[in-house]
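A short worksheet on the structure shown next.
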Amino acid sequence: MTTKDRLTVVATGIAKGPIAQAIQKAGGGRVDVQTMSDIQGAQAVKQGKADYYIGSCSTGQGGALSMAVAVLGSGQCAMLTDRGKMLPAAEIRQRATGDYRAFGIAADHTAQAIPALIDALLEKHNLK
């Protein structure tokens, strides 16, 4: 849950460890990150125990967000990978500043997608 000076983000999926590290690096002391299973992460966001869910799979298409879609609904979920290609940083920023609470990426896009996403989320919450 968002506090005045921090975001809570859960990392799930096959690259949850590297994603958690990338989140911590990009967000520094302004982000708390936890690794969880897909269902635990989606439930944490739904219950208000976490602000955002970042899921990963091999392609970034279905598996990264399947549980988040089931728990949170498709309207709160956004893919940051399209047909194996990462969206441009401007599109990641646009999705991050919207109403989405769950984001999916291909595992091999972690190093590029996470800094852009976390930067936009911090800006959205005036934590930059």
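The values are calculated or read from the model by the stated rules, or taken from the named source; none is laboratory data. Just so you know, these numbers come straight off a predicted model, no measurement behind them. As a convention, Cβ positions derive from the backbone with ideal geometry for all residues, glycine included, and neighbour counts pool all protein chains shown.
Overview of results
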{"item": "For V31: the one exception among (1) buried (at least 20 other Cβ atoms within 10 Å of the Cβ); (2) out of contact with any strand residue (DSSP E or B) (no Cβ under 6 Å at 6 or more places or on another chain)", "result": "(2)"}
{"item": "Matching entry among T2, T8, T97 (being touching a helix residue (DSSP H, G or I) at 6+ places or on another chain (Cβ under 9 Å), among the polar types (S, T, N, Q) and at pLDDT below 95)", "result": "T97"}
{"item": "Among the residues listed as A102, A42, A64, the single one being in contact (Cβ under 8 Å) with a residue 40 or more places away in the chain, small (G, A, S) and under 19 Å from H125 (Cβ atoms)", "result": "A102"}
{"item": "Hits in the range 75-93 (condition: at pLDDT 95 or above and over 13 Å from the mean Cα position of the chain (by Cα))", "result": "G75"}
{"item": "Given (1) of a type outside the set (K, R); (2) under 23 Å from D5 (Cβ atoms); (3) touching a residue at least 40 places away in the same chain (Cβ under 8 Å), index of the condition A111 fails", "result": "(2)"}
